[in-house]
Structures are given as structure tokens and as C-alpha cells.
Amino acid sequence: PLFRSGYLENLLLTRKSFIKNPSYPDEILYKTGDLAILDDNDLIHYRGRNDHQIKINGVRIELPEIQHAILNTPRLEDVSLITEETRQDNENTKKIIIAFFTPKNINVEDIKKQIASQLPKYMIPSKFIGLDKIPYTKNGKVDRKQLLKISKKIVKETKLPIPSVLNSKELNLLVIFSEILKIDKNEIDREDSFNDLGGDSLGMLFLLDRIEKELIDTKNLKKWKKKISLVIQTPTIKKIGKLLNQI
């Protein structure tokens, strides 16, 4: 069979994709990006694409598996997933999954209920965005760059500046949410869940720690400890603010 020696005028990509055969050093292998396993009968079983596999918090995740679960939602027509890198703190970043779906009038809570029994929590997308249609390139592939632009645009258009309607404790919580999640304060609603905004278990630890250090008097620490389970259950600015007022 015909076999090219590399990519035209792209040495970096050539070195990445055209590698020496570890068993026969004189031969060159091409890394296609396909994932497969070889069974005991020497049969190859296709398992998808490497570029559809991501790692979040050290766990490998297959995006097609998430997409398939979401597509089981009644009336849902199309689903596309993208990942976005966000800052966790000054030193760490994290990757979140964003799901786009059509038609846009499907309730997000219905989708979450549909996939809750099929996927572990760490595989459930952090954001769900409904669209009239999923954008595709001229080559028929999902336009992921356009989806990322849509995500940022929708957040700006649908989230209203809310500091004026927050009390003092909620304003402090808004700042904490914004700094931990690396999200603009005007993009956070007082009823948005910390988890839905992209927060994870590590982020929750940061959240609880900052609330304790910045908003709780030493004399009220015991009362605060009793409220932590309620914060984890409903981590919204509105709910946490009410709990703080009860201390």
C-alpha cells in the first residue's frame, strides 16, 4: 500500500503522527487517532477517536458516551459537546464540558434527569445551552469554535448585572463565586448553582474555606459547621446567604 513520509511543510505534525515501529525500527507507523482493542482472537474492535477523549480531574472521559446519553432525552434532535479550560485559582486550571442541544425549548432539567441515571456525576456537563440549530462547517463537521463564541455571547446577553439587588452577604458571596470559578460577576445569578456554573468538589472546598475565613465570626464556627451539608445540597448565593443570616 502507498504510505506518505510525512505532512507537507509541517515538521512538527510529522514528528507527532509518523513514528517508528517499536517492534521494527526501520518501519514507520502513522498514528491515525483511532482507538481500538485487540481481543484474544486477534480481532480489532473499534472504540472511537482519540480526539473525542478528554481527561477531567485525572479521569478519562469519552464525549460520544455523554452525547449518546443526552440524545435519549425525548424530543431532543441534536447534541454537540465542547470543552473549555477555566481557571480554578492562581495556579490551577480545570476543564469543563458544555452541551449544546436542539430544539432550544427543551427544559434543561429534563435533560439532567435523563442522564443522571446513565452517567456518573463527573461526566455530566457543567453547562447546557439550547440552540435553534447546531452550527456546522462547510465540510459537515460541528463548528466548535463557533459554539464557544455562542456560549460566551449567550452568557453576556442572558445574565443581567445583579449587584444592586443583593444584600451585603450576597455581594460577598458573589465575589467569592466569581474568583473561584473565574467568571465575571455580571454573569452569575443569585439562584445559579455553584455546580452548574462549573464548580467541582475541589472548588467546593475552596468555597467553604473562603466563606468560613471571610464571612463567619469565630464564635459562630460551630453553628456554621452544622450548615455545611445544606450548602453542599443547594450551593447558590441566595441559599447560602439565607443560611448565613440564620447564624
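Gain in length, Asn107 to Lys141, computed as 0.36 nm per residue apart minus the alpha-carbon separation, to one decimal in nm?
Residue separation times 0.36 nm, minus the Cα-Cα distance, leaves 9.6 nm.
Could you go through segment 29-37 in sequence order and give the Karplus-derived ³J(HN,Hα) for each residue, using 6.51 cos²θ - 1.76 cosθ + 1.60 with θ = phi - 60°, rounded to whole Hz, and x for Gly and Pro?
10, 10, 7, 6, x, 7, 10, 8, 10
Do you know the relative contact order of the chain, to the nearest whole percent, from alpha carbon pairs under 8 angstrom that are 6+ apart?
Across the chain, relative contact order equals 12 percent.
Which number do you get for Rg(Cα) / (2.2 N^0.38 Å) in the chain?
It is 1.28.
For a footprinting-style exposure proxy, rank Arg60, Arg15, Arg210 by other Cβ within 10 Å, fewest first.
With the fewest neighbours first, Arg60, Arg15, Arg210 line up as Arg60, Arg15, Arg210.
Relative contact order (percent) for segment 163-245, with alpha-carbon contacts under 8 angstrom and 6 or more residues of separation?
Computed value for segment 163-245: 39 percent relative contact order.
Helix-only mean residue ellipticity at 222 nm, the chain, DSSP H runs n ≥ 4 weighted -39,500 (n - 2.57), per residue, nearest 500. What is it? Intermediate values should be presented prior to the final figure.
Working: 8 runs with 91 residues, N = 247.
Mean residue ellipticity at 222 nm (helix-derived): -11500 deg cm²/dmol.
Taking amide H positions as placed in the peptide plane 1.01 Å from N, state which residues far from Ile216 in sequence (5 or more) or on other chains have amide H under 5 Å from it.
Counting only residues 5 or more places away or on other chains, the set is empty.
Who wins for biggest fluctuation among Gln233, Gln114, Gln67 in a Gaussian network model of the chain, springs between alpha carbons below 10 Å?
For the chain, modelled as a Gaussian network with Cα springs under 10 Å, the answer is Gln233.
Among Ile188, Ile19, Ile44, which one moves the most in a GNM of the chain with springs linking Cα atoms closer than 10 Å?
For the chain, modelled as a Gaussian network with Cα springs under 10 Å, the answer is Ile19.
Students often forget the sequence filter, so: which aspartates and glutamates lie under 15 Å Cα-Cα from Lys104 once same-chain residues fewer than 8 apart are removed?
Cα-Cα hits under 15 Å: Glu77, Asp78, Asp132.
Every number in this text was worked out from the coordinates using simple rules, so none of it is lab data. Keep in mind that this is a model prediction, so the values were computed, not measured. Here the Cβ is made from the backbone with ideal geometry for all residues, glycine too, and neighbour counts use every protein chain on show.
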